[in-house]
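Notes follow once the structure below has been shown.
The values are calculated or read from the model by the stated rules, or taken from the named source; none is laboratory data. Note that the coordinates shown come from a computational prediction; the quantities given were computed from them, not determined experimentally. Heads up, the Cβs are rebuilt from the backbone with ideal geometry, glycines too, and the neighbour counts pull from every protein chain shown. Accessible surface areas use protein heavy atoms only, side chains included; no ligands, DNA or RNA. Shrake-Rupley method; radii C 1.70, N 1.55, O 1.52, S 1.80 Å.
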Amino acid sequence: MTSAALQPHTLPPRTLTRLTSADCMATQWSTAQEKADAGNRVLAFIENGLHSDAFTNGLYRTCSQHLFGHIAHFNRAGFADVWFTTPEDKAAFIRYAMNASGLGDPAWTWSDVEQHLQDTLADHPHLQEPSAWTGITRPHGCPSCRCTPQTRA
């Protein structure tokens, strides 16, 4: 495939507004910076195409323990199979995040991170549609690569 046949991903890197530690409140278990860093890893994962092979243990812990009332789905692979296999799954993940109620005091929960994710995703409503995720692939077969995904022409 030539570079002319590759088109940029729907979201260029750093399109989604990043968190800073000032946006987050520390809890007994997490510093404000840890919450911001984890939230930013989720945003980067979304920008990079929600590839199940890039869904790390850290992302799994963040999603299944802190965000939007997600459940563990037994393990990381089970979570990824539910949310990141098809364009429909990926759109459903975004819709779920957008429609979840981030309840609780940010001094005890990650509701501040959830609110930021919802606010920044609201600026990109097309991500709730499967067509936003159709055809997204990696430009080569390296699953550990952090390269920007490309769409097929």
* Asked: Mind checking which residues of the stretch 4-46 are outside any loop (DSSP other than H, G, I, E, B), open to solvent by 70 Å² or more (accessible area, probe 1.4 Å) and at pLDDT below 95?
  -> Ala4, Gln7, Pro8
* To do: Answer with yes or no whether Val82 is outside any loop (DSSP other than H, G, I, E, B), aliphatic (A, V, I, L, M) and either surrounded by fewer than 17 Cβ atoms within 10 Å (Cβ to Cβ) or at pLDDT below 90 (or both).
  => yes
* Asked: Can you tell me which residues in the stretch 36-68 are of a type in the set (Gly, Ala, Ser) and farther than 17 Å from Asp89 by Cα?
  -> Ala36, Ala38, Gly39, Ala44, Gly58
* Identity of the residue in the stretch 97-130, polar (S, T, N, Q) and surrounded by fewer than 11 Cβ atoms within 10 Å (Cβ to Cβ), that ends up modelled with the highest pLDDT -> Asn99
* State yes or no: is Tyr60 touching a Phe, Trp or Tyr at 6+ places or on another chain (Cβ under 7 Å), assigned to a helix (DSSP H, G or I) and open to solvent by 40 Å² or more (accessible area, probe 1.4 Å)? => no
* **Failed criterion for Gly39 (all others in (1) in contact with a Leu (Cβ under 6 Å, 6 or more places away or on another chain); (2) more than 26 Å from Ser131 (Cα to Cα) hold)** => (2)
* To do: For residues that are in a helix (DSSP H, G or I) and in contact with a Phe, Trp or Tyr (Cβ under 7 Å, 6 or more places away or on another chain), scanning just the stretch 64-79, find the one that is most open to solvent (accessible area, probe 1.4 Å).
  => Arg76
* **Yes/no for Gly49 being surrounded by fewer than 17 Cβ atoms within 10 Å (Cβ to Cβ) and not in a helix (DSSP H, G or I)** => no
* Asked: Only one of (1) under 11 Å from Trp110 (Cα atoms); (2) modelled with pLDDT of 95 or more is not met by Leu67, so which one is it?
  -> (2)
